[in-house]
Amino acid sequence: MRIGGKHYRSIWLDNETGVIRVIDQRKLPFEFEVIDLKSSGDALFAIREMVVRGAPLIGVTSAFGMYLAGLHSSADRWCDEVKSAGEKLVSSRPTAVNLKYAVDLCLREMQCAGSREGMIERLFHLAAGLAEIEVNRCRKIGEFGVELIRDIYKKKNEPVHILTHCNAGWLACVDYGTATAPIYQAQEEGIPVHVWVDETRPRNQGARLTAYELGAHGVPHTVIVDNAGGHLMQNGQVDLVIVGSDRTSRNGDVANKIGTYMKALAANDNHIPFYVALPSSTIDMEMMDGKKTEIENRDGREVSHMEGWDEERNRSARIRVIPLTTEVANPGFDITPARLVTGLITEKGICSASEEGIKGLFGE
């Protein structure tokens, strides 16, 4: 995607310095800052502190973290050190399956009986290859998902209004995005679209990140408060809901950013199609249903305080919004049952949110 006329991915290798670079998403949309990942510890920090976020990007970042662990490993203990780095990375964000998927891939391909130099080269090619694979998966998601938008436009011959939740755009997915890929494809085809962007408390990834990238790409959009989605659906102002996923279980249950379930309920009540866009790396075929998903409980300060931009001082600011003595619960994700999902948009096509539908595209 383009920012200020320049193409960016959300993670890349700087060929001049040899370091891995990422966009610091904590600073957006007020400041555009690129930071370097020079060690597996840097990658761990970036994932845990949400410098990078979004299931596909977390997976790619963890793969580069494994490469960095190998690059800086000792000559005699490199295998154990890389394995230890993998354990730390997996524990940093438990809900998104892409993280474990990427680390497990690296561990499977790493041959401890081989040489350290061979291991480093192998891990680099795995990480770089995974980034390309995720980009291509998202591009294909866009090609399949745009059919839904195209069909709606043919019927109404007016702009198609799409509601999103959280950020499942290129910032979360290296490039293109999952939920946004069909939207960008529609725009390229000249199909008029408008996106309702809910703020997505507590970290406001919709208001801050989705709005930022849609604006940079020239897609018409409007930010709404989280609880306005149902009202818009009731009044015929939403044609389609597309969200992303952090983990989709074998039976089609979807773990995604907290609040997704409420959007699915409202869409179901108003007979509005509710689709989940996701790459195959987000499907956990070992998990039979979503109830077994470990839900990450995050720092209460994300709820007790709000971040924004102090225009008078021209700097970011954090203010407290609840009483000092009030306790906070902050689950990061919820589970949307498969029965509320109209379909899954993947790089292989669109299928029902069911074990049969998933197997029909991907096999066992």
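Some points to look at:
- Net charge, GLY229 excluded, C-beta distance under 15 Å - Lys, Arg +1, Asp, Glu -1: -3
- Fraction of C-alpha pairs exceeding 26 angstrom in segment 2-133: 18 percent, rounded to a whole number.
- For the pair GLU189 and VAL34 in one chain, pulling the backbone fully straight at 0.36 nm per residue adds 52.7 nm over the alpha carbon distance.
- Segment 2-133, relative contact order [Cα under 8 Å, separation at least 6], %: 21 percent
- Orphan Cys of the chain, criterion: no other Cys C-beta under 4.7 Å: CYS106, CYS138, CYS166, CYS173, CYS351
- The modelled label-to-label distance for the pair ARG318/THR222, using points 7 Å beyond Cα in the direction of Cβ, is 3.3 nm.
- Cβ-placed point charges (K, R +1; D, E -1), dipole of segment 2-133 about Cα centre in debye, nearest 20: 420 debye
- The relative contact order of the chain comes to 16 percent, based on Cα pairs under 8 Å that sit 6 or more residues apart.
- Ranked from largest, the principal axis spans of the Cα set of segment 87-198 equal 62, 25, 16 Å.
- Less than 5 angstrom separates the built amide H of ILE3 from those of TYR8, all sequence-distant by 5 or more or on a different chain.
- Tail beyond 35 Å, pair distance distribution of the chain (Cα, percent): 22 percent
- Derived scalar couplings ³J(HN,Hα) [segment 24-29; Karplus, 6.51 cos²θ - 1.76 cosθ + 1.60; whole Hz; x for Gly, Pro]: 6, 6, 5, 8, 6, x
- Paramagnetic label reach from MET285 (point 7 Å along Cα→Cβ; backbone nitrogen cut-off under 12 Å): within segment 233-266, residues 250.
- Think of the chain as having a plus end and a minus end, set by charges on the Cβ of Lys, Arg, Asp and Glu; of ILE350, MET285, ASN235, ASN235 sits farthest toward the positive end of this dipole.
- Under the convention that each Lys and Arg Cβ holds +1 and each Asp and Glu Cβ holds -1, the size of the dipole of segment 142-362 around its Cα centre is about 240 debye.
- When DSSP beta bridges are restricted to pairs lying wholly in segment 142-362, around 45% turn out antiparallel.
- Here segment 213-312 is treated with +1 on each Lys and Arg Cβ and -1 on each Asp and Glu Cβ, and its dipole about the Cα centre works out to around 520 debye.
- Sorted peptide list for 54-61, 240-247, 297-304, criterion being average Cβ within 10 angstrom, highest first: 54-61, 240-247, 297-304
- Using R0 = 45 Å, the C-beta based FRET efficiency linking GLU158 and PHE362 works out to 0.80.
- FRET efficiency, 1/(1 + (r/R0)^6) with R0 22 Å, evaluated for GLU355 and ASN297 via beta carbons: 0.15
- Separation between Cα centres of segment 292-364 and segment 274-289, rounded to whole Å: 15 Å
Bear in mind that the values in this text are calculations on the coordinates, not laboratory data. Everything numeric in this text was worked out from a predicted model, so none of it was measured. All Cβ positions, glycine included, derive from the backbone under ideal geometry; neighbour counts span all protein chains shown.
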